[in-house]
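Comments concern the structure below.
Each value in this text was obtained by applying a stated rule to the coordinates, not by laboratory testing. Remember, it's a predicted structure, so these values are computed and weren't measured experimentally. Note that each Cβ is placed from the backbone with ideal geometry, even for glycine, and that neighbours are counted across all protein chains shown.
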Amino acid sequence: MTLILSLAVAILFASGAYLMLKHDLVRLIVGMVLIGNAANLFIMAAALRIGDAPVYPIEDETSDPLVQAMTLTAIVISFAVSALVLALAYRVYIAHASVDMRELSLAEEEQADIDDTLDGEPEPMLDVDDSSIGESSPVGAADAGEAKTR
Amino acid sequence: MTWVNDPNPALVVLIVALLAPLVTVILGFWDTRNTAGAAVATTAAAFAAAVWGAWNGDASYSVVWSETWGIRFEIHLDGLASMYAVLATGIGLLIAVYASGYMPLHRHHTGKRRADDVRFFGFLLLFMAAMVGLVMSQDLILLFVFWDLTAIASYFLIGYDSEEEESRTAALMALLVTGVSAVGVLVGALLLWSEYRTFSLPLLFQSAEPSTTVTWAVSLILVGALAKSAQFPLHFWLPRAMAAPTPVSAYLHSAAMVAAGVFLIGRIYPLVSLDTRVLDALIVIGGASMVVGGLVALTRDVFKQVLAYSTISQYGYVVVMFGIGGEYGVAGATFYVIAHAIAKSALFMTAGAVTEATGSARLADVGGLWRRMPWLAVGSAMASAGLMALPFTIGFFKDELFFAGADGRGQLIQWFAVAGATLSFAYIARFWAGIFLGPRQGDVQPVPASLVIPVGVLGALTVLGGIWVEPFRWLAEQAARVSFGEELEINLAYHLDTRTENLMALSVYGLGAVVLLTGRWWHQPVERLVKIGNRIGPARGYALALYGMNRLSDSIHDFEVRDLRSRIATILIPSGALVLLAVIYSPTQDTFRFTSIESGDLPLLLMLGVAAASGVMVVIPQDHLRMALTLSGVGFSLAVVYALLGAPDVALVAVLIETIFTVVFIGILVLIPRPILRYERNLRAPRIRLGRDAIIAFIAGSVAFVVVWSALSRPSASTTVIGRHIEQSPLAHGYDVVTVILADFRGFDTMGEITVIAIAFVGILSLMRAGRLR
Amino acid sequence: MSDRTVTTTVLTQVAARILLIPIFVVAIGIMIKGYVDIGDGFSAGVIASLGVALQVMVFGPEELTRLPVIQRAPKGTFLGLLIALLTAFVPAVRGQPLMTHWPPAGEAAIHFGTVEFITAVAFDVGVFLVVFGFGVGVTATLARAQERKSSMAGLFSRPGDAGEAGERS
Amino acid sequence: MIVLPLGILWFGAVLLAILDGTRTKNALLAIGLLASALLATIWLGFDIVANGPRSMVIGGWEQGVGITLSVDTLGIIFATLSLTVLLAALVFETANRVRARVFPALVLFMGVGLTGLFFTGDVFNFYVFFEIAMISAYVLASYGETPRQFRAAFLFIVVNLLGSMLFLISIAAIYHITGRLDMAGIAAQIPLVAESPVLLIATLIFVAFSTKLGLFPFHFWLAPVYTGTRPSVAAILSGALANIGSYGLLRFGADLLPRELADGAPVLIVLGTVSIIYGAVQSVSRHSPSEVLAYSAIGQVGYIMIALAIGGEVGFFAVILYAVINGLNKGLLFLTVGLRGWLVGASFVVGAFSVAGVPPAAGFLGKISIFWAAIEDDAWSIVFLVFLGSALSFLYMFQLYQRRFWIAREDEVESSRLPQVIVTALAIGLLIVGLWPEPLLDITDHAVSGLLDSPAVGVSP
């Protein structure tokens, strides 16, 4: 049984991961939801024991109520996050008129290029000849003279 | 107020020095015209304090700085500290006077504002204060702090004209060489700590014994010291630093930055002298610097370049003397620093004044100026004579001590000493004569007196030291005693006899004159040699390293993953590798177990199959709407699984959540036009990519599988709290244990959960109301 | 607008309207009986907001402005959170650990029929309000976005696709 | 007392969620609340240092049945650090004019999440607070509302959600093998369990937190997110949120799973080494300041990993100290990104010196502690590595500094004074810590002895 449960978790996880590798934003989100499902199933599977519903009157051995509470919390949290991601996907679509990750990557690179030109290159020193250093700071006699006459 | 009645000289010197930059900056901010005056006044005060402190002598102050690390704020105004403090503040004072005349001219050339003066004097005085603090530090960490403070100050001073690329590269180079090598000082200090559990120098001197660790520690500290003193092969930053305004160069070369390096050697000399191999290394490095610096100085045309290389060469002497060691070596090294500081700063100021007067900074463009600038000529002549070690200057004694020390170390060192001294005789003479003698060249404008007076003062001091050497001798003697660690006496006098020192001095004058007069024969070859050195020398190495690092950085950036799917893959694949590693590493026996499947489990089995199958179905390329529905299929079948696992609460919520999620999902899908959704679907991905995706997904699945299976294979924990949960539910007025856990036992989780919902709500509202947040 | 009038028949409208009341009743029942049987404030919140979602799907977003309870639901999220927080933190003011419910463990609670008045129920009401507000708020936002989209169809679509944009029912 | 910081933040966040945060007076209210939560945390810290860790079982149940809140020095240090960075970012954004109604509320919500997870003594509760912090961060990442921010936010969510799920799976697995959720109980049970499943679980936890921190090779999301988000948000992400990673590794690694941490040390060292070199080399030629800082952050994570692998007193000391100082550095430096003016230049250079480990900026303390750990461990290759990393940090920080503040550009407009003053205040803070390090060192020492005394002593009541 543990093997079957583990396999189910693994298949859901793998399907989710596969979808997360897609270019389509929507599929990506579906992948995330699937991985969330896999995690939730695993929490339930991690139950210390399985039996009747833990509702009074209790006669037989009940199922582990703690994992149930944990699963509930986890389900709700992953739902909230998924809903948020959906809304974000909508805004991404509004911003790019696309749900294709490739276009987003393109936009990111364009942005990086813009940044690069804005921020300038690092300037590594290439000229090792230092024989004229120390000469250039005072500009010239005429200039110095001008300073005097003022 | 015993503190006021009986002040601690060490603290007074440090505080007055630290106040100098502070007061100057505050007054400068108030009114920028105050800056130069404030700088002169505060340095004068610092100088007075230093002289007073040196006179009162031997005061220390110590307070715990950090208990946890055992660091103390421990300062001691001993002989060594007094000497360097007097030098740093005294020359600092003259530099401040000089700068008050020089900076207006500099401002004019570079178009800077008066407000920039505050920055200049602030960092200049910070430099001085850091020097004063450095020389008094007795705790290695405190010493490191002041050590880096000098590096910071010099960085901003060298990069003062930051609009010039030359200044920027020079500042970066100085920072990289001195800052990175300072890490050596730190590591050395920590090494000594690991051996002796203290950072305190006096304690270390007491307990240190020759050992590999100590040798390593000392060598690392010396790397920092030698880099700061611009010793070969880390000397190349110093000539570049000439891009700074002249007062900075003058200070850097005489009493501050470069002097800090040899100071440190003197400070830890009791540790240095534990291993003769270290001393020999000092001789080699110092000797190399003497030769390289001297040869390049002979070929340079720009004033400040000649002087810069001469400094490298002359600090080479000091290092060699420390390497020679013994009474003469240490005494000579210490005395040399005084003599050199006084004379060299005068020459730098001369260079600045001449450049301001003529507008030219090259020996080739000036000449015969002694008539036009007689005071400057006289002042710098005295200083040059000092560096050339002519009699009746303080410089004569410095070579005298050098030769005496070399005498004890055999013929080779002796020849070497003469050769080095000859070089220095020659390049200094070439410098002075090139400016003031020969055919008249260059148009001279009058310069402010403040550019000439400091030169005169320093020149006078040089000669005074040659006639009445006692004050200088006393200072050096006190200092050398500290370095040497035992009693030591410096005897300085003129002897009219044929002792070796005198003969060596005479041969230096003769050889020096020959070198000067034969210039036209050796100039070309030496210049070629220097060019070759440039091409393969350490400066080249530095430039290539920097360039290479930038190129390397660029090229590995090209490999940086740029799209989301690869970013996800780069999390999944390494996780797979790590899990695999963990599987290999850990014992596999009993890790994975099968448990039997009972007939009652068949419905569960079936539903798990359905859930997994619909999970796979979602992956198959399809319409988005159908995908959403298949996805909810996964959710609903999982809900049934939960119900079969005896969890009706979870099943109920799972169904509800799945429903509302599907509503939201479809609600969003509807908002996105169909062509845009279809666009992606119609693009067929290449088969290879699909295969690769499948492999990555397989890895991800395997990670999950291995971890999950190994965890589930553990027999369920025997001690658990769920029994208590079930028992206590009625106490909490509840009969559905899960609900009681959610609202009571673990209600805090639910609290967090609804907070997450509320935050998601806030986020969704602000995202969906396009354009404006809420 | 026009699509909806086509797709929703009178029958669905009536059904939706009638269904709303039982849905709310079930929701409230689940919430109050949560301690005794399956279900809690969370499920109740989801059920109630699904009921509202149904109304919106059938009658359009303006439906939301008609019922004041629904109109204020989004603000209710924060009210609910506040109530839950109060049940958690008020005991701390009295020197007890967080979320110590009243009446204390084991002591009898005031009964109203089979309904017990305990602070845990207040907490559950908070949870209900948060979830209900969330459900209604999100539904409403989606509906409004949908409306806005049909009024500016094609604005965000690819060039050439403008005509097709906005379809899908 | 233990609940005071959480209470202030939580109620404050709910209140501000209703108010319009773009109004200055509401933003000021948020600042006041955050500041008082910070003060309450510090007050609590004094109490804990004096009287030992404090804990409370929620609902008044016995431990294990109810959730345990338990605060030790380690939690206090990280909570104080995170709240400080959050406060700085909030004050900064207020001075700059808040552009979104919900920004102050989200900052407070994130404060709730972070404080909660530093204070909780229950692994599942840790996860819940972790998600509170993360979801606030997800929404915050889109703050600014340009396509760029949306892209960054999306990437951020996707990657971090994956990490969260791995973490959730490991928590469930821990529950299955120990039957407990409270940290004290787990720490007691873990040694009784066979090694292999625990090691696998530890691996997943490591991956989850490394993803959060941006350790090589889990770092590929980090640079675009840090460059894409607004400066104040980037400061929050790198200065406050990333603390989850360091804290989590300490809490789960050193406290709960020490055996597995020791087993994994070689892997930590290898990945840490690669991270240091990779991050530093990448930073050298990056153009935009936030990109340099992002890659630098990847490098800094490497130091934390290496110190963690060295472990023991000096190792954990270095982890905490380095994490704190790195958080402050990054908080300061990211805030300077969009600003211009000489005060900003001065503040930036203080941050740069701190990153390079030059006193008197606080960074040298971190560098000392790392060297110290390596030397005590006789790990010469690590000493050399740290040396190399610090040399490269000089190079990239000062290439950047000179390029940005020494080369005048025509299109420059000096930023308004208030934001400049705020970053200056942060820089002065860094200098003060550097000049008077004893409080920080002392409390770090306290936290380390709490971690080492006996496993999970900090979490037992």
**Largest-first principal axis extents, alpha carbons of the range B:599-730, Å** = 58, 33, 27
**Request:** Report the relative contact order of chain B, percent, no decimals, based on alpha-carbon pairs under 8 angstrom and at least 6 residues apart.
**Result:** 9 percent
**Message:** Take chain D, mark every one of the trypsin sites (Lys or Arg not before Pro) that falls in a DSSP loop and has at most 12 other Cβ within 10 Å, then report the longest stretch left between them, sites excluded.
**Reply:** D:98-408
**Item:** Gyration tensor over alpha-carbon atoms, the range D:372-426, equivalent ellipsoid semi-axes in Å
**Value:** 37, 16, 4
**Complete:** The Kirkwood hydrodynamic radius of the range D:319-397, taken as the inverse of the mean 1/r over all distinct Cα pairs, in Å, comes to 13.1 Å
**Fill in**
Links exceeding 29 Å between C-alpha atoms in this model, out of C:Lys75/D:Lys25; B:Lys344/D:Lys367; B:Lys531/D:Lys367; A:Lys22/C:Lys75, come to B:Lys344/D:Lys367; B:Lys531/D:Lys367; A:Lys22/C:Lys75
**Protection-proxy order for peptides B:432-443, B:355-366, B:723-734, each taking the mean of Cβ atoms within 10 Å per residue, highest first** = B:355-366, B:723-734, B:432-443
**Request:** Consider all pairwise Cα distances in the protein assembly as shown and report the whole-number % of them above 62 Å.
**Result:** 26 percent
**Message:** Give me the one-decimal Kirkwood hydrodynamic radius in Å for the range D:147-209, with the sum taken over alpha-carbon pairs.
**Reply:** 13.0 Å
**Message:** Based on the alpha-carbon set only, what is the convex hull volume of the range B:229-333 divided per residue, in Å³?
**Reply:** 83 Å³
**Message:** Restricting to DSSP loop positions (anything but H, G, I, E, B) with no more than 12 other Cβ atoms inside 10 Å of their own Cβ, which trypsin sites (Lys or Arg not before Pro) remain in the range B:30-136?
**Reply:** B:Arg113
**Request:** Let me know the whole percent of all Cα-Cα pairs from the range A:2-117 that are separated by more than 19 Å.
**Result:** 61 percent
**Complete:** Computed over the Cα atoms of the range B:361-410, the Rg and Dmax in Å are 15.6, 48
**Message:** Roughly how far apart, in whole Å, are the Cα centres of the range B:64-102 and the range B:246-306?
**Reply:** 20 Å
**Item:** Peptide-level mean, for D:18-31, of C-beta atoms on other protein chains within 10 Å
**Value:** 1
**Request:** Mind checking B:147-160 for the average number of partner chain beta-carbons within 10 Å of each residue's beta-carbon?
**Result:** 2
**Request:** Sum up the charges of everything whose Cβ sits under 12 Å from the Cβ of B:Glu477, counting Lys and Arg as +1 and Asp and Glu as -1, but leave B:Glu477 out.
**Result:** -2
**Message:** Could you give me D for the range B:132-195, from Stokes-Einstein at 37 °C and 0.692 mPa s, where the hydrodynamic radius is the Kirkwood radius over C-alpha pairs? Units µm² s⁻¹, please.
**Reply:** 259 µm²/s
**Asked** Could you give the radius of gyration (one decimal) and Dmax (whole number) of the Cα atoms in chain B, in Å?
**Response** 38.0, 118
**Using alpha-carbon coordinates, inclination of helix B:9-30 to the longest axis of chain B, degrees** = 70 degrees
**Asked** Based on the Cα atoms of the range B:454-586, what semi-axes does the equivalent ellipsoid have, where each is the square root of 5 times one gyration tensor eigenvalue, given in whole Å with the largest first?
**Response** 64, 29, 17
**Complete:** Once Lys and Arg are counted +1 and Asp and Glu -1 for all other residues with Cβ under 14 Å from that of B:Val262, the total becomes +4
**Request:** Could you tell me what % of all Cα pairs in the range B:361-444 have separations over 17 Å?
**Result:** 54 percent
**Asked** So which trypsin sites (Lys or Arg not before Pro) in the range C:57-98 are both in a DSSP loop and have at most 14 other Cβ atoms within 10 Å of their Cβ?
**Response** C:Arg72, C:Arg94
**Item:** CD proxy at 222 nm, helix term only [per DSSP H run n ≥ 4: -39500 (n - 2.57); per residue of chain B; nearest 500]
**Value:** -25000 deg cm²/dmol
**Fill in**
Mean per-residue count of partner chain Cβ within 10 Å for B:549-562 equals 6
**Message:** What does DSSP give for the protein assembly as shown in terms of the percent of beta bridges that are antiparallel, rounded to the nearest 5?
**Reply:** 90 percent
**Prompt:** At q = 0.20 Å⁻¹, what is the log10 ratio I(q)/I(0) for the range D:360-461, with the Debye formula run over Cα points and no solvent?
**Reply:** -1.17
**Prompt:** Per Stokes-Einstein, at 4 °C and 1.567 mPa s, what whole-number D in µm² s⁻¹ belongs to chain D, with the Kirkwood radius over Cα pairs as the hydrodynamic radius?
**Reply:** 60 µm²/s
**Prompt:** Any idea what log10 I(q)/I(0) is at q = 0.14, 0.26, 0.28 Å⁻¹ for the range B:29-97, Debye with uniform C-alpha scatterers and no solvent?
**Reply:** -0.58, -1.00, -1.08
**Request:** Could you work out the Kirkwood radius for the range B:719-774, taking every pair of different alpha carbons, averaging 1/r and inverting it, reported in Å?
**Result:** 13.4 Å
**Message:** At a threshold of 8 angstrom on Cα-Cα distance, excluding pairs fewer than six apart, so keeping six or more, what relative contact order does the range D:240-318 reach in percent?
**Reply:** 32 percent
**Message:** If I model the range B:189-232 as equal point scatterers sitting on the Cα atoms and use the Debye formula, what is log10 I(q)/I(0) at q = 0.18, 0.19, 0.23, 0.33 Å⁻¹?
**Reply:** -0.53, -0.58, -0.77, -1.15
**Rg over Rh, two decimals, the range A:45-111 (C-alpha only, Kirkwood Rh)** = 1.39
**Fill in**
Filtering chymotrypsin sites (Phe, Trp or Tyr not before Pro) in the range B:487-563 by DSSP loop and by at most 11 other Cβ atoms within 10 Å leaves B:Phe559
**Asked** When averaged across all projection directions, what area in nm² does the alpha-carbon convex hull of the range B:42-157 cover?
**Response** 7.8 nm²
**Request:** Report the dimensions of the range B:247-297 along its three principal axes from the alpha-carbon atoms, largest first, rounded to Å.
**Result:** 38, 26, 7
**Prompt:** For the range B:490-549, what is Rg from Cα atoms divided by 2.2 N^0.38 Å, rounded to two decimals?
**Reply:** 1.94
